[in-house]
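Below is one structure, written out as structure tokens, with a few remarks after it.
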Amino acid sequence: AFCRTRFCSPAYETANERYAQFGDRMNFIHLEIYSGLPNPAERGWQIAPSVTAFGVQSEPWVYLIDARGTVVYRVEGLFTAEEIERELHRLLQL
């Protein structure tokens, strides 16, 4: 509901579907752009501190991080379910 781009909602849905498939084998974290949910307007549409801390300048992003904390894959903007699923399978094999 609070996406800043038209790509955010489809990306969220794709990631959420992968969570249903892989969530029992890995952690999924969603970073919301605005603070003050469920009504970010009450805080003047302030950017969430986590977004600032991670240096996120655009949306959407998907990061896959291995057990050592190393980013092993990242993609910005448009991506397919098959692309993310392939990379998740690859990550599980590490």
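A few notes on this one:
- Kirkwood-Stokes translational diffusion coefficient of the chain, alpha-carbon pairs, 4 °C, 1.567 mPa s, µm²/s: 90 µm²/s
- Crossing angle, helix 8-22 versus the chain [Cα axis fit, 0-90 degrees, rounded to tens]: 40 degrees
- Helix 81-93 axis versus longest C-alpha principal axis of the chain: approximately 60°, rounded to the nearest ten.
- Cleavage-rule hits, trypsin sites (Lys or Arg not before Pro), region 1-30, DSSP coil, Cβ neighbours within 10 Å at most 11: Arg6, Arg25
- A Förster radius of 22 Å, combined with the Cβ-Cβ distance separating Phe7 from Arg43, puts the computed FRET efficiency at roughly 0.35.
- Percent RCO, i.e. relative contact order, over the chain, from Cα pairs under 8 Å lying at least 6 residues apart: 28 percent
- Simple rule: put +1 on each Lys or Arg Cβ and -1 on each Asp or Glu Cβ in the chain, find the dipole, and look at Val62, Leu91, Val72; the Cα lying farthest toward the positive end is Val72.
- Given a 1.4 Å probe and the protein chains as shown, Phe7 ends up with an accessible area of around 70 Å².
- Average accessible surface area per residue within the chain, 1.4 Å rolling probe, Å²: 72 Å²
- Solvent-accessible surface (1.4 angstrom probe) belonging to Tyr63, in square angstrom, nearest 10: 100 Å²
- Each helix, a run of at least 4 DSSP H residues, gives -39500 (n - 2.57); summed and divided by the residues of the chain, these come to -11000 deg cm²/dmol at 222 nm.
The values are calculated or read from the model by the stated rules, or taken from the named source; none is laboratory data. Every value quoted in this text rests on a predicted model; they were computed, and no experiment measured them. All Cβ positions, glycine included, derive from the backbone under ideal geometry; neighbour counts span all protein chains shown. Ligands, DNA and RNA are stripped out before the accessible areas are found, and what is left, the full protein with its side chains, is counted by its heavy atoms. Shrake-Rupley method; radii C 1.70, N 1.55, O 1.52, S 1.80 Å.
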